[in-house]
Amino acid sequence: MSHRNSKNVNNVNLGLIIRGAYNLVLDILYPEFCLNCGKYGQVLCSECFLSMELSQTDVCFFCGRISKEGRICQSCKRSNDFLIQKIVWAGSYKDKVLKEALHEFKYSGVLSVGEILEEVLCRRLTRWLNHGEDLVVVPVPLHINKLKKRGFNQAELLARAISKKFGLEGGTALSRIRETQTQVGLSRNDRQKNLDGAIICSDPELIMGRNILLVDDVVTTGSTINECAKVLRKIGAKKVYVASVARG
């Protein structure tokens, strides 16, 4: 081993020691407790993690019939004016633990919870994405005002994790140019009106002629992702698929 390599190893070891000491101080000052049961030691303990009822079967988003890789039935596409080919989600937003984890990640900025959710979503996608399909991973965008307030886009962090895990190209190809009111509590028609003209494609070269994997944290009625799909298809995307942590 050369001197230079020995020095690099020593630097790595020193870095690990410093990081370990830093984490120890953080643990003393800000000890972690399970977000669900309150047990000390982890932000989500193994018992609560395993208690989450995660999706095992792929079904059509609208009618709930079993479908390969979550493909949307043709009749459901037509009746809902839907441009997305399939949607895969990791679990239900009704699951208490998953919902609490999403809230801690999205609204409290607990990134360690985000890492758990990234792993949950990637596990859900493994069977599909290990087939080697050529996809570009794109997150659902946040308006700049909300991004500044929150400090991060949770969908972007999820998208980056998927890109890294499966070796897929990705980018923030969509932008939200108009700040919209929250979609919570709105009807499907009101959600659509709320989104009209709010989203544009800011990187057409990444999109044209490609299949897109659109990523979000929660999909409820599908209005937001369908608006994104309309923009992507107008630019020249071939097909649009969706991956989400939870189905609302």
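Where a number appears in this text, it was derived from the coordinates with a stated rule and is not lab data. What you are looking at is a predicted structure, and each value in this text was computed from that prediction instead of being measured.
Here the contact order of segment 57-247, divided by its residue count and restricted to Cα pairs under 8 Å and six or more residues apart, works out to 25 percent.
For the pairs K94/K146; K106/K146; K193/K238, note any where the Cα-Cα span goes beyond 18 Å. The pairs that break the limit, which is 18 Å between Cα atoms, are K94/K146; K193/K238. Under a 5 Å amide H cut-off, with hydrogens placed 1.01 Å from N, K86 pairs with I72, V242 among residues at least 5 apart or on other chains.
In terms of its C-alpha gyration tensor, segment 98-161 has an oblate overall shape, because the principal axis ratio a/c (a ≥ b ≥ c, square roots of the eigenvalues) is not below 1.5 and a/b does not outweigh b/c. Taking the Cα centroid of segment 144-173 and of segment 98-139, what is the distance between the two, rounded to the nearest whole Å? Cα centroid of segment 144-173 versus Cα centroid of segment 98-139: 10 Å apart.
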